[in-house]
Amino acid sequence: MPKTSKKPPLIPLSQPAIRGNAWKYVKECLDTEWVSSVGRFVGEFEQATARFTGSPHAVAGVNGTACLHVALKLAGIGPGDGVIVPALTFIATANAVTYCGATPLFLDCDERRFNLDLDQLEDFLESRCKKGGSGLVTPSGVPVKAVLPVHVLGFPVDMDRLGALCEKHRLLLIEDAAESIGSRWNGRHTGTFGRLGVLSFNGNKIITTGGGGMILTADPELAARAKHVTQQAKSDPDEYLHDEIGFNYRLTNVAAALGLSQLEVLPEFLAQRAKIAEWYRRGLPSVRVEETPPAAEWNRWLLAVQTGSADAKAELLRRLNEAGAQARPLWVPVPLQKPYRGAFSANIEKARRAYDTVINIPSSTSVTEKDVERVAAVLRDAALERLLA
Ligand SMILES: Cc1ncc(COP(=O)(O)O)c(C=O)c1O
């Protein structure tokens, strides 16, 4: 008999954890045959999200990308407008700007947490932009209308400083909080600082609806508009009358049923992630842990380690994945991606270095202490600069 080498089970990077009332709620959709746009769960999921985040209003959508598109549109972003976005993000952030016909203006990230570099932003606004007709314009004449920060890996941006900068320069603030449900800055939930904010419930997020998103806003009119345009802008309950060009961006009852069940267990998931982070810290006693400032409450969506070079990163990625630990690099900075080559970009040296050296390590809610020990055993053999956990 040939010997079979048994591979250890895969330790997932960020996989869904389906718990609690998921089966009961989804079964209710199936039993009642309310599987599509009608049913109790969309409204209940929206209300529960509003309560959890402290947002006065929450409007569900088909995914985070679609919600970002609508949020930008409702904020008045259109052709010719410049929107500041971080270079280091998932491409959907920039794509949503492009869908509106607007121009993404890429800035660098900070070294510590990979969020938008607020020093560079301040310098860009105050030293590189000029006063134009109704506000600031870039050196090449693009009017700077808004900032779309991302809470990268779930870690909250310093919203006090960013909010003050936006106010000073009369810039709209819209938040890509796709990764940061459960994260707060000075006690306030991410996604609730801007005129609109967006959450994602994609399968790789802490809680999921399979695919889904949520628009947060304090403005009742914007919330009503968001509901309207995500449902084809139908203006009559019976007749097919539409008062503007809308989108089919609504969330289904089935997805919302799953979402509601997930939201109910989110506090447990967040507590579990704090434990996982603690296990990593204990497993890597000689690695420096990046400090979390007191104002930040981090959901720990994805934990990470930083190596010293691109070669070290590649080697460690290979070894982790070989050992069955699902590990991934950060995103290739967006202005280096084919669709955005030639777009405006500041110096993004720190985003390049982050991409070159950082690895996300298994962070799923289901990760056990034993799993962490297996991952840490590989990490202990590598020269690490720091641990973000
Ligand atoms: C920062 C960021 N923005 C936007 C999105 C898009 O969300 P969705 O996948 O729900 O469309 C994601 C990820 O999924 C993301 O990580």
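Values quoted throughout were computed directly from the atomic coordinates according to the rules given, and no laboratory measurement underlies them. Note that the coordinates shown come from a computational prediction; the quantities given were computed from them, not determined experimentally. Quick reminder, even Gly has a Cβ in these numbers, built from the backbone with ideal geometry, and neighbours come from all protein chains shown.
Can you pull the Rg over Rh of region 1-95, Cα-only, Kirkwood?
Numbers: Rg = 20.6 Å, Rh = 18.0 Å.
With Rg and the Kirkwood Rh in hand, the quotient comes to 1.15.
Over all alpha-carbon pairs in region 266-388, figure out the percentage whose distance exceeds 20 Å.
Values: 3514 of 7503 pairs.
When every Cα pair of region 266-388 is considered, 47 percent fall beyond 20 Å.
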Would you mind pulling out the separation of the Cα centroids of region 275-342 and region 23-101, in Å?
27 Å
May I ask you to list, by number, the DSSP H helices of the chain whose Cα span along the axis is at least 30 Å and whose average Kyte-Doolittle hydropathy reaches 0.0 or more?
253-283
Residues with amide H under 5 Å of Arg386's amide H, sequence separation 5 or more or different chain, H placed in the peptide plane at 1.01 Å from N; which?
Gln306
Between beta-carbons, use under 11 Å as the cut-off and find the net charge around Ala71, counting Lys and Arg +1, Asp and Glu -1.
+1
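Counting Lys +1, Arg +1, Asp -1, Glu -1, what net charge surrounds Gln232 among other residues with beta carbon under 10 Å of its beta carbon?
Working: positive: Lys234, Arg250; negative: Glu244.
Result for the local shell: +1.
Stick to Cα atoms and the Kirkwood definition of Rh, then tell me Rg/Rh for region 82-189.
On the way: Rg = 13.3 Å, Rh = 14.0 Å.
Over the Cα atoms of region 82-189, Rg/Rh equals 0.95.
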Here region 120-129 yields Karplus 3J(HN,Hα) values (6.51, -1.76, 1.60; θ = phi - 60°; whole Hz; Gly and Pro given as x) of 5, 4, 4, 5, 4, 5, 9, 10, 9, 7
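Taking neighbour counts of Cβ atoms within 10 Å as a proxy for exposure, in what order, fewest first, do Cys109, Cys29, Cys67 appear?
Numbers: Cys109 27, Cys29 21, Cys67 31.
Ascending Cβ contact count within 10 Å gives the list Cys29, Cys109, Cys67.
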Within the chain, which is the longest segment containing none of the trypsin sites (Lys or Arg not before Pro) that sit in a DSSP loop and have at most 14 other Cβ atoms within 10 Å?
171-287
Per the Kirkwood treatment, what hydrodynamic radius in Å, one decimal, follows for region 154-254 from the mean inverse distance over all distinct Cα pairs?
15.2 Å
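By the gyration tensor of its Cα atoms, with a ≥ b ≥ c the square roots of the eigenvalues, what is the shape of region 2-41: rounded for a/c under 1.5, prolate for a/b over b/c, or oblate?
Details: a/c = 4.18, a/b = 3.05, b/c = 1.37.
The shape class here is prolate.
Sum -39500 (n - 2.57) across every DSSP H segment of at least 4 residues in the chain, then divide by the residue count to get the 222 nm mean residue ellipticity, nearest 500.
Numbers: 11 runs with 134 residues, N = 389.
That calculation yields -10500 deg cm²/dmol at 222 nm.
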Measure of size requested: the Rg and Dmax of the chain, with Cα atoms as the atom set and Å as the unit; please supply both.
21.5, 80
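So, with +1 on the Cβ of K and R and -1 on the Cβ of D and E, and no other charges, what is the size of the charge dipole of region 1-121 about its Cα centre, to the nearest 20 debye? Provide the component values of the computation, followed by the final result.
Details: 11 positive and 11 negative charges, 165 e Å.
Dipole about the Cα centre, nearest 20: 800 debye.
Exposure proxy check: Val378, Val70 ranked by fewest other beta carbons within 10 Å? Numbers along the way, then the final one.
Values: Val378 18, Val70 28.
Placing the least packed residue first, the sequence is Val378, Val70.
Strictly over 21 Å apart at the Cα level, which of Lys145/Lys350; Lys7/Lys370; Lys205/Lys338; Lys131/Lys168 would you flag in this model? It would help to have the intermediate numbers written out before the result.
Details: Lys145/Lys350 25 Å; Lys7/Lys370 16 Å; Lys205/Lys338 26 Å; Lys131/Lys168 13 Å.
In this structure, Lys145/Lys350; Lys205/Lys338 lie more than 21 Å apart at Cα.
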If Lys and Arg each add +1 and Asp and Glu each add -1, what is the summed charge of the other residues whose beta carbon sits under 12 Å from the beta carbon of Ala60?
0
